[in-house]
Amino acid sequence: MNPEPMATDNLHCDVSRKFVRVLKKRDNGLIEFEFSIGWPELAVELMLPQHAFEAFCQAHQVRRIGDPSEGPASTII
């Protein structure tokens, strides 16, 4: 039995688009966040210290999501 082929017309993924959604700022200085590439709804959860988080965001040229007033990650935190 062959499964139906998956329609790929709606699966375009622009891997140049990278996103960060901050979940929590911990008392110990770690930033909990979601990072996604291409599709903001498909993400991995990560934790980094504040300075490493800022460097990560700049290195990946992420767009912050979850707060419409935020622009590129270089303007956050």
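The values are calculated or read from the model by the stated rules, or taken from the named source; none is laboratory data. Note that the structure is a prediction, hence the values are computed from the model and not measured. In this analysis, Cβ positions are derived from the backbone assuming ideal geometry, glycine residues included, and neighbour counts consider all displayed protein chains. Surface accessibility is based on the protein's heavy atoms, side chains included, excluding ligands, DNA and RNA. Shrake-Rupley method; radii C 1.70, N 1.55, O 1.52, S 1.80 Å.
Remarks
- Scanning the stretch 21-38 for residues that are within 14 Å of residue 65 (Cα to Cα) and either basic (Lys, Arg) or touching a Cys at 6+ places or on another chain (Cβ under 6 Å) (or both) turns up 21, 24, 38.
- Every listed requirement among (1) over 9 Å from the mean Cα position of the chain (by Cα); (2) at pLDDT below 95 is met by residue 42 save one, (1).
- Of residues in the stretch 19-50 being over 14 Å from residue 62 (Cβ atoms) and acidic (Asp, Glu), the one least open to solvent (accessible area, probe 1.4 Å): 32
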